[in-house]
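**Q** Structure below; questions to follow.
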Amino acid sequence: MRRPGFLALLGWALAAGFLVWVGLTFEWRSAWGILRGARLLVFIGATAGTLPLFFLMRTLRWQSLLPDQARSGSPLDRYLAIGIAVGLGSVVPLQGAEILKVEAGHSGSGLGRKRGYSALLLERCLDLASVLFLFVLCYPRYLPPQGRTLTATLLSMALAGLLLAPWLGRIPGTGWFEAWGAGFRDLVASPGRLAGALASTAVAWLLVLAGWYGVLASLQIHLRLPDLAALMSGIALLGIFSLIPGGIGICELGITGMLGLAGVEPARAQGAALLLRGYSLASAALGLAFLLWQRKRRRRGA
């Protein structure tokens, strides 16, 4: 059996430490009182109205990048496969569970792993650039100005990576990466294909933004759109760069801190952090439900 790597152990150790921090600093009785007063129908509506569509946007983006290999089987089978990968990725560091869609394509339709992982890496770059751009654009006034500079630098690096990836192998000193560069060039060769990937990425993050708005609204928290976008993108970046599975602990602290700086009372901010964790877990639960559904369909087909 494969032993867990150092980064995985580090991620879980950090998660445990931040969970202890949450346990010691949260006002649990007050936060629970806030959660008891949540408008459950609003939360359910936000969850049910955004997560399935978010999975759909991820499916469309995968199909736009891999128009041939990604279209084997029925549309429902493709949707379930992507939903499983995306849903379970919400509780895995760096959304690592999305490798499942590459492996599913490899075993089901002969998708070359190098091509599949090139598409996955391109997706990650698109997501990272989108979240960084949103955070820079809506950077809140209550955070140190150095944070905007750092985020803008990271955005520049992400955009440079996107622009230079297709030239790997042609740039002096990158000959070892010629195969990867050729794969990236093939992925972005069609303007329509690239436009489809960009459009589905933008719509997907708008759906996440709408989901967060609904979750906060269920607790009577109403932020201005720039503040909401800064909160969502900032916490997404915190989860991405922390290496902690699903950003457990650190995201709750980040949400509480940013909402507190935005003027939300501490107990309500803590309740919102817990409910937003419930939104993330609902994504994982939906991915797990899709996994069970997919296995049931395969047994029936067999």
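**Q** Which residue pairs have Cβ atoms under 8 Å apart, sit 6 or more places apart or on different chains, and have a first residue in segment 39-57 that is farther than 14 Å from Leu276 by Cβ and a second that is among the acidic types (Asp, Glu) and open to solvent by 30 Å² or more (accessible area, probe 1.4 Å)?
**A** none
**Q** Right, something else. If you take just the helices (runs of 4 or more DSSP H) that sit entirely in segment 216-302, which of them hold at least 3 residues that are hydroxyl-bearing (Ser, Thr, Tyr) and either free of Cβ contacts under 8 Å to residues at least 24 places away in the same chain or in contact with a Gly (Cβ under 8 Å, 6 or more places away or on another chain) (or both)?
**A** In segment 216-302, 266-301 are the helices (runs of 4 or more DSSP H) which contain 3 or more residues that are hydroxyl-bearing (Ser, Thr, Tyr) and either free of Cβ contacts under 8 Å to residues at least 24 places away in the same chain or in contact with a Gly (Cβ under 8 Å, 6 or more places away or on another chain) (or both).
**Q** Go through (1) farther than 14 Å from Ile240 by Cβ; (2) buried (at least 16 other Cβ atoms within 10 Å of the Cβ); (3) within 19 Å of the chain's Cα centre (by Cα) for Pro140 and report which single condition fails.
**A** (3)
**Q** Name the pairs whose Cβ atoms lie under 6 Å apart, with the first residue in segment 169-184 and on the phi > 0 side of the Ramachandran plot, the second surrounded by 14 or more Cβ atoms within 10 Å (Cβ to Cβ), and 6 or more positions between them or separate chains?
**A** Short answer, once both residue conditions are applied: Gly169/Phe177; Gly169/Gly181.
**Q** Mind checking whether some residue in segment 199-220 is at positive phi and either modelled with pLDDT of 95 or more or not aliphatic (A, V, I, L, M) (or both)?
**A** For segment 199-220, residues at positive phi and either modelled with pLDDT of 95 or more or not aliphatic (A, V, I, L, M) (or both): present.
**Q** Could you figure out which of (1) open to solvent by less than 90 Å² (accessible area, probe 1.4 Å); (2) closer than 23 Å to Leu206 by Cβ isn't true of Arg148?
**A** (1)
**Q** Turning to a different aspect of this structure: Any idea which residue in segment 162-209 is farthest from Gly45 (Cα to Cα), counting only those that are open to solvent by less than 60 Å² (accessible area, probe 1.4 Å) and among the charged types (D, E, K, R)?
**A** Checking each candidate, the answer is Arg185.
**Q** If a residue has to be open to solvent by 60 Å² or more (accessible area, probe 1.4 Å), at pLDDT below 95 and outside any helix (DSSP H, G or I) to count, how many in segment 31-72 make the cut?
**A** Going through segment 31-72 one residue at a time, the tally reaches 1.
**Q** Further, regarding this structure: Report the residue count in segment 9-30 for those that are modelled with pLDDT of 90 or more, open to solvent by 100 Å² or more (accessible area, probe 1.4 Å) and over 13 Å from Gly271 (Cα atoms).
**A** 2
**Q** Residue check, Ser107 against (1) open to solvent by 40 Å² or more (accessible area, probe 1.4 Å); (2) modelled with pLDDT of 90 or more; (3) among the polar types (S, T, N, Q), all met but one. Which one?
**A** With (1) open to solvent by 40 Å² or more (accessible area, probe 1.4 Å); (2) modelled with pLDDT of 90 or more; (3) among the polar types (S, T, N, Q) applied to Ser107, the lone miss is (2).
**Q** Moving on to the next point. Quick check on Leu121: is it at pLDDT below 90, under 18 Å from the mean Cα position of the chain (by Cα) and surrounded by 13 or more Cβ atoms within 10 Å (Cβ to Cβ)?
**A** Yes, satisfied.
The values are calculated or read from the model by the stated rules, or taken from the named source; none is laboratory data. All values derive from a computational prediction rather than experimental measurement. With ideal geometry, Cβ positions are generated from the backbone for all residues, glycine too; neighbour counts draw on all protein chains shown. Side chains included, ligands, DNA and RNA excluded: accessible areas come from the protein's heavy atoms. Shrake-Rupley method; radii C 1.70, N 1.55, O 1.52, S 1.80 Å.
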